[in-house]
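S.K.: This is the structure I have questions about; it appears just below.
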Amino acid sequence: MLKIWSMKQQQQKDANAEGAGPKKKKVTAAQLRVQKDLAELEGTLGRTMKTSFPNPDDILNFTLTIEPDEGMYKGGSFHFNFAINQNFPHDPPKVKCTQKIYHPNIDLEGNVCLNILREDWKPVLNLNAVIVGLQFLFLEPNASDPLNKEAAEDLRSNREGFKRNVRTSMSGGAVKHENYERVIGK
Amino acid sequence: MVKIPACSKTMRQNIDKLPRTYLDNLLSKPGPASDPDWVPGPETISALESSKVLGAGGLGCEILKNLALSGFKDIHVIDMDTIDVSNLNRQFLFREADVGKSKAEVAAAFVEKRVKGVKITPYNGKIQDKDEDYYMQFKMVICGLDSIEARRWINATLVDMVDMEDPESLKPLIDGGTEGFKGQARVILPTMNSCIECQLDMHAPRAAVPLCTLATIPRQPSHCIEWAHIIAWEEHRKDEVLDTDDPEHITWLYQKALARAQDFNIPGVTYSLTQGVVKNIIPAIASTNAIIAAACCNEAFKIATSCNPFLQNYMMYSGDEGVYTYTFDTERKEDCPVCGNLARNLTVNPNMTLQDLIDSLGERAEAQLKKPTLRSEERSLYSQFPQSLREQTAPNLSKKLSELVVDGEEIGVSDPAFTIAFKYKLIFVS
């Protein structure tokens, strides 16, 4: 044991750490990482996305709003709830759409099928990657990995019809006997 | 055929009376690999006997038994679990009559009774219940934890405890873990070599199936169970929190999964598989646990006595395709959020405003932060970005530090110009 300590002193000979004061709560590794990730969003959010924090002291829980300015979902305002736990970045953030929308990769409960949110998540990825991924789902909805099967089938078989159904659903109408939430004109 | 004699009562009494000859031999004369500065003899032996060590977690039975039999006399054990019938096949300190009791308490009582002269103090709860004052009493910590979250917690705690003025504050952390036929043992000297947070990227993420596969075309029984777990529960019982220890909840998931499996003609969904998938139960093999626990306890013994060099610093054991072990020295990560930048003391006037503090950080030689974002554990003090957070935290800029933090509180400061966060402990001086 003493040997280890002398190694330590050797290693840190020049370090000038001072004595300890009373012990207080520490900023956690997950908080520091999220703080860094949020700062890096500066170039990403732009005009089409914004975040809001119900409790500004809790940066692990927030809402992301995406307002696509092109593509089939242009004009809509889509809200995603981000819930990050203390095991981030080992665990991915939990992301859910808070509205009921008509989208092949988002089910009626708001679950999102995005590879980096589940099977392809790695600690080297960051919030920026997730947010860019979500934005991409609105520009290029993907019929080959469906979570809402009817919507995917619709997109695959009749792209123009699908576009019309997206518009209907976005203005709060019903598609195939399912009512959707109005997400435009806010 | 080899006949193994049963251990009779008289034999057992003899074992207890045996002086620990071999152990004492090892600690009484230097060997070819022992450190030239090492002084063997009674001093070393008493150092071992007085080493207070802490063991915790799933490898606990093996670790506790090994520590007690290698001469450690003052052992504390923490475990939050109670004994389940399914533990009895490998956790040999427990009997059928113990089912439902605290693992820590039963294990401590068993080993204390079996190994004369050892004192074992159990704590039935989480490692997170204890604070730095508690961990300060030990010579070292040996962990066989079952989650990465718990490992990160104990690692951060032990790294933060290191105080240059106090040699006793450096607590070696020995971490073991197994999964099926694979395992690892590592020795962490907090702040001196790579810590668990530095090595976080090395952990294989939990295998997950794409959500769309679960929702559309399941192929495996586990897909049906995951579907029930993630999708069906949300749809039908959204307002209830799923408790994986509640038999009613597991039964509900099992029935949903079974119905789905029948729709897709997938055999193999059972109640116990449902439990396994939902609780993420990793197969535990008794002998892998024994190998890893043995490696950990030998390192503890060598560190406590200095009799031989210890592991530097990671040993992987792979027994799933033949047997392979490899030992390598993982490097510290410069930008590790836990050990990369230790908290520095910063004396501040509690009457200065947050804006004043930010301005002074820009002038400090080691930081020179241009656009710092600051937070304490409880509060976002000031965020540069996103805009909404900047607007919400801007009113803090004109507040006095004493309104935002308490004396001695730690703050984390990050800046886009640096990959690593700085940590400061604010010491109030008026």
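Read-outs: derived from the displayed coordinates by stated rules, not from any lab. Remember, predicted model here, so these are calculated numbers, not experimental data. Here Cβ is always computed from backbone atoms with ideal geometry, including for glycine, and neighbour counts include all displayed protein chains.
S.K.: Report, as an integer, the average count of C-beta atoms from other chains found within 10 Å of each Cβ along B:203-215. Each step should come with its number before you reach the end.
M.R.: Working: counts 2, 0, 9, 5, 1, 7, 2, 9, 13, 16, 3, 4, 8.
That average works out to 6.
S.K.: Show me the ranking of peptides B:289-296, B:334-341 by mean Cβ neighbours inside 10 Å, starting with the highest. Working shown, then result.
M.R.: Values: B:289-296: 22.8, B:334-341: 19.6.
Top of the packing list down: B:289-296, B:334-341.
S.K.: For the residue pair B:ALA204 and B:SER272, what label-to-label distance in nm results when each label sits 7 Å from Cα along the Cα-to-beta-carbon direction?
M.R.: According to this spin-label approximation, the distance is 2.3 nm.
S.K.: Report, in whole Å, the centroid distance computed from the Cα atoms of region A:118-186 and region B:101-118.
M.R.: 58
S.K.: For B:267-275, what's the mean count of beta carbons from other chains sitting within 10 Å of each residue's beta carbon?
M.R.: Values: counts 0, 0, 0, 0, 0, 0, 0, 0, 0.
Neighbouring Cβ atoms belonging to other protein chains average 0 per residue here.
S.K.: Let me ask another. Determine the sum of side-chain charges near A:ALA129: Lys and Arg each +1, Asp and Glu each -1, restricted to other residues whose C-beta is under 12 angstrom from that of A:ALA129. Show your work: numbers first, answer last.
M.R.: Numbers: positive: A:LYS122; negative: A:ASP37, A:GLU40, A:ASP120.
Here the charged neighbours net out to -2.
S.K.: In the neighborhood of B:LYS371, defined by Cβ-to-Cβ distances under 14 Å, what is the net charge if each Lys or Arg adds +1 and each Asp or Glu adds -1?
M.R.: Working: positive: A:LYS36, B:LYS370, B:ARG390; negative: A:GLU40, A:GLU42, B:ASP359, B:ASP415.
Once all neighbours under 14 Å are counted, the net charge is -1.
S.K.: Looking only at other chains, what is the average number of their beta-carbon atoms within 10 angstrom of each beta-carbon in B:146-152?
M.R.: Numbers: counts 0, 2, 3, 6, 1, 1, 6.
Going residue by residue through B:146-152 and averaging, the value is 3.
S.K.: With charges only on Cβ, +1 for K and R and -1 for D and E, what is the dipole size of chain A about its Cα centre, in debye, rounded to 20? Spell out each step's value before the answer.
M.R.: On the way: 26 positive and 23 negative charges, 122 e Å.
Taking the Cα centre of chain A as origin, the dipole is about 580 debye.
S.K.: Which pairs, out of A:LYS100/B:LYS371; B:LYS101/B:LYS279; A:LYS96/B:LYS101; A:LYS50/B:LYS279; B:LYS103/B:LYS279, put more than 28 Å between their alpha-carbon atoms?
M.R.: Values: A:LYS100/B:LYS371 39 Å; B:LYS101/B:LYS279 20 Å; A:LYS96/B:LYS101 39 Å; A:LYS50/B:LYS279 36 Å; B:LYS103/B:LYS279 19 Å.
Flagged as over cut-off: A:LYS100/B:LYS371; A:LYS96/B:LYS101; A:LYS50/B:LYS279.
S.K.: Can you figure out the FRET efficiency of B:ALA33 with B:ILE281, using R₀ = 45 Å and their beta-carbon distance, to the nearest 0.05? Could the numbers behind the result be given before it?
M.R.: Values: r = 40 Å, r/R0 = 0.90.
The value I calculate is 0.65.
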